Amino acid sequence: MIVRPTPLLEVNALKKHYPLNKGLFGGDKGAVYALDGVSFTLDKGETLSIVGESGCGKSTLGKTILRLVDPTDGEVFLDGERIDNLPASKLRDMRRRVQVVFQDPFSSLNPRQKVRDIIAEPIVNFGLAKGSELTDRIAALMDKVRLPRDAMNRFPHEFSGGQRQRIGIARALAPGSDLIVCDEAVSALDVSVKAQIVNLLSDLQDELGLALLFISHDLAIVEHLTHRVAVMYLGKIVEIADRRTLFGSPHHPYTRALLSAVPVPNPDPLLRKRRVILKGDVPSPINPPSGCRFHTRCPFVMDRCRSEEPMLRPVEGNVRQMSACHLDGVPEHG
Ligand code: SF4
């Protein structure tokens, strides 16, 4: 019997519903189903990217794992220990091990703090070092994110966007974290700077064995960085697979539409013809469609799709590719 090591992060049927205020006459106004039963695992040293259009629930997923918001239901385990139901007073170790890098390096750093104080804060808060040991640790982190050591005595406004994101990464690494949630961490950066930050994250992962939960709408960036990809639509994962399979042979019609929209240099005219234009907007998460949530926009919709919710299941017996779709094989777009 093969015994799989405990994943670093395990998420089971995680839900986050935001109840809407009751109406004037006390009627139930329902809820926003931001996250509605999401499950996956993430191993040590692995990158899992969460992709999908704006409003699909990917950022809520990151916030719920980080316990910036409390889940409505479901379970989250870190190294086998359940963390979704820990009281605030017992979250300290989890907060040390799971850190975040946000999208906007301009607003996520305190403009009144010098870089050394920004990076020192988590080290001091968790009581990990002080005095000269603290200074040495900050200097080592500056080296790791490839910023000059003398930059620690400057303020965030003296740096470019990419450099500020390096400071944010140094802060996330500072307490010796195992998992970094990168919430659109490169989205606000110029293309060339994006590539540098992605390469830096990749190098740090190799060096430190970090796990990355990389939340992004940018599939071109994801393809360069990730080991596996989970595609979200209206609060659910609709497909999850290793990078090569997902980009080379996507199954779910929504994944195929997303991938067909990724700009490629010098596109093959044949491939261009296969661009899938989805009709309509993403439906509201307040009242998501019955059955398959994608049925209002899917070019392959069948009767059963409107009433029967498809579960995530292996595609053609391949457990490394799971898709929530009633179709058996990989659909061909015309
Ligand atoms: Fe389309 Fe039906 Fe598959 Fe949903 S279950 S993606 S509507 S074919």
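Taking residues in the range 299-314 that are modelled with pLDDT under 95, and partners anywhere that are of a type outside the set (S, T, N, Q) and loosely packed, with under 13 Cβ neighbours inside 10 Å, the pairs with Cβ atoms closer than 9 Å and at least 6 places apart or on different chains are 299/279; 299/334.
Taking the numbered list (1) within 16 Å of the ligand (Cβ to nearest atom); (2) at pLDDT 95 or above in turn, residue 279 passes all entries but (2).
Of 95, 116, 112, all but one fail to be assigned to a loop (DSSP other than H, G, I, E, B), under 30 Å from residue 161 (Cβ atoms) and of a type in the set (Lys, Arg); the exception is 112. One residue stands out in the range 308-334 among those that are within 20 Å of residue 261 (Cα to Cα) and in contact with a Pro (Cβ under 9 Å, 6 or more places away or on another chain): the one that is farthest from the ligand (Cβ to nearest atom), namely 334.
Please tell me if residue 238 is crowded, with 23+ Cβ neighbours inside 10 Å and in contact with a His (Cβ under 6 Å, 6 or more places away or on another chain).
yes
Could you list, in sequence order, all residues of the range 294-307 that are within 8 Å of the ligand (Cβ to nearest atom) and not in a helix (DSSP H, G or I)? Scanning the range 294-307 gives 294, 295, 298, 299, 300, 301, 302.
The values are calculated or read from the model by the stated rules, or taken from the named source; none is laboratory data. Please read these numbers as outputs of a predicted model, since none were measured by experiment. Counting neighbours? That spans all protein chains shown, and the Cβs are built from the backbone with ideal geometry, glycine included.
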